[in-house]
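Report on the structure given below.
The values are calculated or read from the model by the stated rules, or taken from the named source; none is laboratory data. Not measured: the values here are computed from a predicted model. Note: ideal-geometry Cβ built from the backbone for every residue, glycine included; neighbour counts use all protein chains shown.
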Amino acid sequence: MSNSSQIEMNDIQGLILRGYNFPHIRYIIFSIKNTDGAKQFCADLASGTAPGGLSITNAEPWENMEKPDYCLNIGFTYSGLEKLIGTANSNAVERHSSREVFKSFKKGAVEDAGQMGDTGESAPANWWKNGGWIPKEVPTANGSELHIQLTLFTLTPENREKYYAALLGMITETPSGPAVIPVYYQDSDPITVDGNSDYVHFGYRDSLSQPRIDDIIWEKPKMRKLMGISSIDDRPKVPLDRFVISQKAKDYYAHTLLVNGTFSAFRLLYQDEAKFNTFIHSNTEISPELMAAKMCGRWRDGTPLVVSPDKEDKSLGEPSTKNFNFTNFNYLTPSPNQQGDQSSDELALKCPYAAHIRRANPRDDINVKGNDDNAETHRIVRRASPYGPVYDRAEKPGIQRGLVGLFIGAVLDFQFRFVTRLWLEQGGFRNPDASPNYSGVDPIFGPQADDTSPDNFVFAYNENGTYTETPNLTRFVRTDGSLYLFLPGISGLKYISQGIIPPPLTVN
């Protein structure tokens, strides 16, 4: 694996390796109308030399650890990449890359929707229509006009408007109009509970368990201390090539254009808070708060059930929100930083197998299908944030709210697609299933509209040594938009802006 002295921090987009923690964000999708003008737009973003223009933020540390006024990152759909570098070059990149690396990206989110569970109300025919779509014309069925996705991070709402205007001012004007035009945008602003702004809709504290990426500066104890983050963290580290594409990776190979870049699923997810609240109040045998905790695997404040099964416990502190295991098998050493209850939960008596955080990251439970390395192969970096107002029970129906952002991994097939298909959406999560908890899907998402398995419409959880079943589990999250994106390195972006590709690596 690459070590920190070899990582080209100035060539990697910053959001891949760390969260910026900027409160006011705008996610924008652009359509290319003039290829030459779009190339110039990309060149200016890569170089940062356009007068009054913006530049793509790389992964280098900020001077004096002070946040800049904005951060900006860019990704391309396959149709966008093909427009800029041409079909022949796109085919060449595909030929010199692993099937797992490039095929799903080329296939795209629309064609992949059925595999990802995006059916019924979540089907592509309904995408981009619930607020944020700018043109008068409705989106096309295949999404082929969606080419570039930019994310603008700012410290204030005023700066968001200021730098968005500056971004639009960089676009080349042609005789027929702007070379690229925004077709969709979604703003994100923080939800604050008890002074903490890390909350999302459904009322949970979020962003607690991003992967520890091996041997990067942001994981060094000194840097974590400077950033005000606890250095007490002994979770397994994930190799850098899971998130930054490398030509030295052991289980995939990639064209030179892709190096120092990565792939991502951009997701716009509507959250039906009214349905969710109805469900957690539907079982009179337990409190709504316990029901919500069982569904997520954490109490609302972030306390994991395996650490504190009976109540929120803010006294445990940061390590216990991250450093915990589910099974603690004898040949694995329990984390010394796990506070509270450290007994094994192999039978899911504290945290149900179906619980969201257990399914998204099963940690040390190697009985989970496909998890023989502490979920290392399948970890995802989440750069997603809430949109829309906080839920009010007295509000009128139809208010849009949810989660929007990027789910990042160097290999979509190993990471986003694997976790979504096999751990969140399908039954048989753990084999053998040693408990009566037969809920077959992640309860936060709920069963798909075309799901025919009656077991998937029941949420089962342990209480006082027995399992309680709550029927009528339904879909609480709807996909309102999705893109598969390539996030290039800065040098890759410069090649794209010229409409060319570097030569592929020669293998002896």
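Summary of values
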read-out	value
Considering residues of segment 236-254 that are under 21 Å from residue 73 (Cβ atoms) and not aromatic (Phe, Trp, Tyr) only, the residue surrounded by the most Cβ atoms within 10 Å (Cβ to Cβ)	245
Members of segment 353-374 found to be over 15 Å from residue 440 (Cβ atoms) and in contact with a strand residue (DSSP E or B) (Cβ under 8 Å, 6 or more places away or on another chain), listed by number	357, 362, 365, 367
Residue check, residue 58 surrounded by 15 or more Cβ atoms within 10 Å (Cβ to Cβ) and either within 20 Å of the chain's Cα centre (by Cα) or under 18 Å from residue 149 (Cβ atoms) (or both)	yes
Matching option when the condition is surrounded by fewer than 19 Cβ atoms within 10 Å (Cβ to Cβ), touching a residue at least 12 places away in the same chain (Cβ under 8 Å) and at positive phi, among 169, 143, 120	120
Cβ pairs under 6 Å, 6+ apart, first in segment 180-198 and farther than 20 Å from residue 270 by Cα, second of a type in the set (Gly, Ala, Ser)	180/38; 181/31
Any hit, segment 373-390, residues being in contact (Cβ under 8 Å) with a residue 12 or more places away in the chain, loosely packed, with under 15 Cβ neighbours inside 10 Å, in a loop (DSSP other than H, G, I, E, B) and not assigned by TED's automatic domain parsing to the domain that holds residue 286	yes
Identity of the residue in segment 255-293, in a loop (DSSP other than H, G, I, E, B) and of a type in the set (Val, Ile, Thr), that ends up surrounded by the fewest Cβ atoms within 10 Å (Cβ to Cβ)	284
Among the candidates 132, 114, residue that is at pLDDT below 95, under 20 Å from residue 266 (Cα atoms) and surrounded by 16 or more Cβ atoms within 10 Å (Cβ to Cβ)	132
Residue ID - surrounded by the fewest Cβ atoms within 10 Å (Cβ to Cβ), chosen from residues in segment 61-87 that are more than 25 Å from the chain's Cα centre (by Cα) and closer than 19 Å to residue 144 by Cβ	87
Filter pass, residue 283 being assigned by TED's automatic domain parsing to the domain that holds residue 355 and in contact (Cβ under 8 Å) with a residue 40 or more places away in the chain	yes
Any hit, segment 99-117, residues being assigned to a strand (DSSP E or B) and within 24 Å of residue 404 (Cβ to Cβ)	no
Filtered residues of segment 441-495 (kept if outside the structural domain of residue 129 (by TED's automatic domain parsing), part of a loop (DSSP other than H, G, I, E, B) and farther than 27 Å from residue 201 by Cα)	452, 453, 464, 465
Count of residues meeting criterion [among the hydrophobic types (A, V, I, L, M, F, W, C) and either farther than 23 Å from residue 481 by Cα or surrounded by fewer than 16 Cβ atoms within 10 Å (Cβ to Cβ) (or both)] in segment 182-222	6
Restricting segment 352-372 to residues that are assigned to a loop (DSSP other than H, G, I, E, B) and hydrophobic (A, V, I, L, M, F, W, C), the residue that is surrounded by the fewest Cβ atoms within 10 Å (Cβ to Cβ)	366
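One line per residue, one yes/no per condition, for (1) closer than 23 Å to residue 133 by Cβ; (2) part of a loop (DSSP other than H, G, I, E, B); (3) touching a helix residue (DSSP H, G or I) at 6+ places or on another chain (Cβ under 7 Å):
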{"position": "153", "(1), (2), (3)": "yes, no, no"}
{"position": "159", "(1), (2), (3)": "no, no, no"}
{"position": "163", "(1), (2), (3)": "yes, no, no"}
{"position": "168", "(1), (2), (3)": "yes, no, no"}
{"position": "181", "(1), (2), (3)": "yes, no, no"}
{"position": "184", "(1), (2), (3)": "yes, no, no"}
{"position": "197", "(1), (2), (3)": "no, no, no"}
{"position": "202", "(1), (2), (3)": "no, yes, yes"}
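The rows are residues; the columns are (1) small (Gly, Ala, Ser); (2) assigned by TED's automatic domain parsing to the domain that holds residue 216; (3) under 30 Å from residue 156 (Cβ atoms).
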residue	(1), (2), (3)
38	yes, yes, yes
83	no, yes, no
91	no, yes, no
97	yes, yes, no
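Every residue, every condition in (1) of a type in the set (Lys, Arg); (2) closer than 24 Å to residue 399 by Cα, yes or no:
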{"residue": "91", "(1), (2)": "no, no"}
{"residue": "95", "(1), (2)": "yes, no"}
{"residue": "99", "(1), (2)": "yes, no"}
{"residue": "114", "(1), (2)": "no, no"}
{"residue": "117", "(1), (2)": "no, yes"}
{"residue": "121", "(1), (2)": "no, yes"}
{"residue": "129", "(1), (2)": "yes, yes"}
